[in-house]
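The values are calculated or read from the model by the stated rules, or taken from the named source; none is laboratory data. All values derive from a computational prediction rather than experimental measurement. Each accessible area value is taken on the protein alone, full model and side chains, heavy atoms only, with ligands, DNA and RNA left out. Shrake-Rupley method; radii C 1.70, N 1.55, O 1.52, S 1.80 Å.
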Amino acid sequence: MQQNRTFRINVVDIHGEVYSGMARFAAVPAELGEIGILPGHAPLLSGLRAGELRITQADGQTQILFLEGGLLEIQPDIVTILANASLRIMDIDIHDSKERIKDAQSTLAKAAVLPMDFARAELELQREVAKVHAYQRYQAHEQRGGSTSDYNWERPPLQNVPKVNVQELEE
């Protein structure tokens, strides 16, 4: 019995369908870490964090999208991603992201900040830092004259990401 070597992947955000096609592999930024998906993957539901969605299409070409969180559903032959928002890596406005990082850092540095404002600033910081890292990695790869098929998928470790004190938020 021959096993199917591809699966369908659909990506939708608030503006409509972003991507739909057959894939051999996908790497998705789940809340608890990156999930690699191959055909026949066990069913799974997960939240998504901000990060790169990398899709190896059936023809071997690679598509890269930046997701700003959302939900993931995996079935053995279909993957559905409901993204809060999505961008092509090359469409990231690096200057806007850096400005948002500064704003979020200044909010987090304040001594008297409401718990909701702190949580909002922390999420904004994580999302924008992820955008900047993805953009810089993509730009460095493009400057070397590479194609998406030999793109460096290795993620650098996160640095200077503040921790949330859950107990303070619950009080």
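For the reader, a short list of remarks on this structure follows.
- Accessible surface of the range 1-116, 1.4 Å probe, proportion on carbon and sulfur as whole %: 53 percent
- Solvent-accessible surface of the range 1-93, taken per residue with a 1.4 Å probe and all protein chains present: 52 Å².
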